[in-house]
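Q: Starting off with a structure, shown below.
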Amino acid sequence: MSTVSATAREYDPIDISSLDFWSTTAVDRERTFAVLREQRPVSWHPMPESGLLDQPDDPGFWAVVRHADIVEVSRRNDVFVSGRGVMFGNVPEELLEMSQSFLAMDPPRHTTIRKLVSAAFTARQIARIEDQIAANARAIVAELTERLAAGGDVDFVTHCASKLPIRTLAQMMGIPESDWDAVVTHANTLVSVADPQFLGDRDPIAVLLESLFALHQEAQELAARRRVEPRDDLMTALVQAEVDGARLTDAEIAAFFVLLSVAGNDTTRQTTSHAMRALTLFPEQREWLLADFDARIGGAVEEFVRWASPVMTFRRTASAPFVLHGQEVAAGDKVVMFYASGNWDTAVFDAPDRFNLARKPNPHVAFGGGGAHYCLGSNVAKVQLRCLFRELLHQLPTLRAGEPEYVAGAFIHAVRTMPCEL
């Protein structure tokens, strides 16, 4: 469809593009999504204010808010492609693969890269680190216990939720402990550049590039060392991975390292914070889980993730005309999936506003709606959540989380700070 005809469409009267909208709470946003799900499941909107690339002539995007439509877009990667960008806002083309790895690719290249990465991301690799994850979780909660006993202000995000993902990532990849803090800082920067409080008066592209280059350098130096001195870690598996005679280049390894640093860090961290807050607000759910933890934690983790919806949006671009829920989507149109809305769709979830650890089935779309881009690290995230909440609920059964402070933005459902106490 031409820019002129796309621009001629009338924008939906409901605002889901402004930073003001994304500065409200998930409950406030859900009221808006509920109206769209019921009345206009596929609606046309102006591009968001939070994009890194200012394109005033960009006509807009289709908002997809129903669970069934999110699943359809996710699984029809033959029509809804990722190679033109997956972030809600526009990102400079030269940064796409550098920052998003195979998320911003389509077959056949996506297929090849994902196969190579998957060859290093096997059940054996995950099983190898599960004991490490459990040990790290025990140590982190023990440290939190000491800090709480000492008195003073304790922030759950800083002193608990943020710690396990980076230790897991570091041990999986073989990152030297001296580099852990820097990797976390740069990973956090990549998902915070749309936050005015974080950015201040700095240029977002410059801030983004600085962290991207730092993470790429870390990955390439680590890959070079593993080629000379292989170890039993994920980076060694990545440099040795081979599928049909193909190997990953240094640039591809570095791009995947960036993706893993962000997705592996932020997704688990945010889910941990949101789940701890929910267990505080719904104490009967905490008691139910503790009554038979081992048998119930698997299903509980699925509800943790549905409730948190840590990744709120992803975008596709229509490569051909397609009718989605009765709406004609033209080739070239941007289509944005709103996962948080899909996870509260009353057509799929009974009483979605209730935190229900016994919810079954629980076909949430928090790891994507299926298809070629389904989250490769979902099993690692679930292992971390199981291990960490085992320790939190048994070592600190009276821990309570206070009111969170959220980060404004349309990508990650991020908690900046959240006090906690016994």
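Q: List, please: which pairs have Cβ atoms under 8 Å, are six or more places apart or on different chains, and start with a residue in region 164-185 that is touching a residue at least 40 places away in the same chain (Cβ under 8 Å) and end with one that is outside any helix (DSSP H, G or I) and surrounded by 19 or more Cβ atoms within 10 Å (Cβ to Cβ)?
A: Note: pairs meeting the criteria are L169/I175; Q171/D233; M172/D233; M173/D233; G174/D233; V183/I175; V184/S162.
Q: Something else: Would you call V117 under 22 Å from T272 (Cα atoms), among the hydrophobic types (A, V, I, L, M, F, W, C) and within 22 Å of the chain's Cα centre (by Cα)?
A: Taking the combined requirement at face value, the residue does not satisfy it.
Q: Also, quick follow-up: Any idea which of A139, A161, A149 is more than 25 Å from F256 (Cα to Cα) and at pLDDT 95 or above? Give the derivation first.
A: Working: A161 fails: more than 25 Å from F256 (Cα to Cα); A149 fails: at pLDDT 95 or above.
Sole residue among the options that is more than 25 Å from F256 (Cα to Cα) and at pLDDT 95 or above: A139.
Q: Can you name the helices (runs of 4 or more DSSP H) wholly within region 230-306 that have at least 2 residues being at pLDDT below 95 and buried (at least 21 other Cβ atoms within 10 Å of the Cβ)?
A: By residue number, 234-240, 250-281.
Q: Quick one: what pairs do we get from region 1-30, first residue more than 18 Å from R416 (Cβ to Cβ) and modelled with pLDDT of 95 or more, second of a type in the set (A, V, I, L, M) and assigned to a helix (DSSP H, G or I), C-beta under 8 Å, 6+ apart or different chains?
A: From region 1-30, the pairs are D12/L36; I14/V35; I14/L36; I16/L36; E30/A340.
Q: Quick one: in region 100-150, which of the residues that are hydrophobic (A, V, I, L, M, F, W, C) and not in a helix (DSSP H, G or I) is surrounded by the fewest Cβ atoms within 10 Å (Cβ to Cβ)?
A: Going through the qualifying residues, I end up with A120.
Q: Also, I was wondering about something else. For region 298-324, how many residues meet the condition of being of a type in the set (S, T, N, Q) and over 30 Å from P165 (Cβ atoms)?
A: Here the count works out to 2.
Q: For the list (1) closer than 23 Å to D179 by Cβ; (2) surrounded by fewer than 18 Cβ atoms within 10 Å (Cβ to Cβ), I need the number of the one condition that I205 fails.
A: I205 satisfies every listed condition except (1).
Q: Just checking, which of E30, E94 is more than 20 Å from the chain's Cα centre (by Cα), assigned to a helix (DSSP H, G or I) and acidic (D, E)?
A: None of the other options fit; the residue is E94.
Q: Applying the selection to region 81-95, what residues are polar (S, T, N, Q) and under 14 Å from L190 (Cβ atoms)? Full working, then the answer.
A: Kept after step one, since they are polar (S, T, N, Q), are these residues of region 81-95: 82, 90.
Those that are polar (S, T, N, Q) and under 14 Å from L190 (Cβ atoms): none in region 81-95.
Q: Would you confirm, using the coordinates I've provided, whether A219 is at negative phi, touching a residue at least 24 places away in the same chain (Cβ under 8 Å), part of a helix (DSSP H, G or I) and in contact with a Phe, Trp or Tyr (Cβ under 6 Å, 6 or more places away or on another chain)?
A: Yes.
Q: Touching a helix residue (DSSP H, G or I) at 6+ places or on another chain (Cβ under 9 Å), within 29 Å of P107 (Cβ to Cβ), part of a helix (DSSP H, G or I) and of a type outside the set (F, W, Y), is that true of V348?
A: No: the conditions fail for V348.
Q: Let me ask something else about it. Name every residue in region 304-320 that is free of Cβ contacts under 8 Å to residues at least 60 places away in the same chain and more than 14 Å from A340 (Cβ to Cβ), in order of residue number. Quick ask: steps written out before the conclusion?
A: The initial filter retains those residues of region 304-320 that are free of Cβ contacts under 8 Å to residues at least 60 places away in the same chain, namely 307.
Once the filter is applied, which keeps residues that are free of Cβ contacts under 8 Å to residues at least 60 places away in the same chain and more than 14 Å from A340 (Cβ to Cβ), region 304-320 yields nothing.
Q: Filter region 44-91 down to the residues that are of a type in the set (K, R), within 17 Å of P321 (Cα to Cα) and either in a loop (DSSP other than H, G, I, E, B) or at pLDDT below 80 (or both) and list them by number. Step through it out loud before you land on a result.
A: Just the residues of region 44-91 that are of a type in the set (K, R), to begin with: 66, 75-76, 84.
Filter once more, so that each one left must be within 17 Å of P321 (Cα to Cα): 75-76, 84.
Within region 44-91, R76, R84 meet the criteria.
Q: Looking only at region 178-194, count how many residues are over 12 Å from D266 (Cβ atoms) and in a loop (DSSP other than H, G, I, E, B).
A: 2
Q: Looking for whichever is surrounded by fewer than 22 Cβ atoms within 10 Å (Cβ to Cβ) and closer than 21 Å to A63 by Cβ here; the options are T417, T398, T346. Which one fits?
A: Residue meeting the stated conditions: T346.
Q: Same structure again: What about Y374, is it under 21 Å from the mean Cα position of the chain (by Cα) and surrounded by fewer than 20 Cβ atoms within 10 Å (Cβ to Cβ)?
A: Numbers: under 21 Å from the mean Cα position of the chain (by Cα): yes; surrounded by fewer than 20 Cβ atoms within 10 Å (Cβ to Cβ): yes.
Taking the combined requirement at face value, the residue satisfies it.
Q: Within region 334-352, track down each residue that is on the phi < 0 side of the Ramachandran plot and aliphatic (A, V, I, L, M).
A: V335, V336, M337, A340, A347, V348
Q: So, one more: Can you pull out every residue in region 370-389 that is out of contact with any helix residue (DSSP H, G or I) (no Cβ under 6 Å at 6 or more places or on another chain) and outside any helix (DSSP H, G or I)?
A: A372, H373, Y374, C375, L376
Q: List every residue pair whose Cβ atoms sit under 8 Å apart, with the two residues 6 or more apart in sequence or on different chains, where the first one lies in region 187-204 and is touching a residue at least 12 places away in the same chain (Cβ under 8 Å) and the second, anywhere, is acidic (D, E).
A: If the second residue must be acidic (D, E), the pairs left are A187/D266; N188/D266; T189/E210; V191/D266.
The values are calculated or read from the model by the stated rules, or taken from the named source; none is laboratory data. All figures in this text were calculated on a predicted structure; none of them were measured in a lab. Every residue, glycine among them, receives a Cβ derived from its backbone with ideal geometry; neighbour counts consider all protein chains shown.
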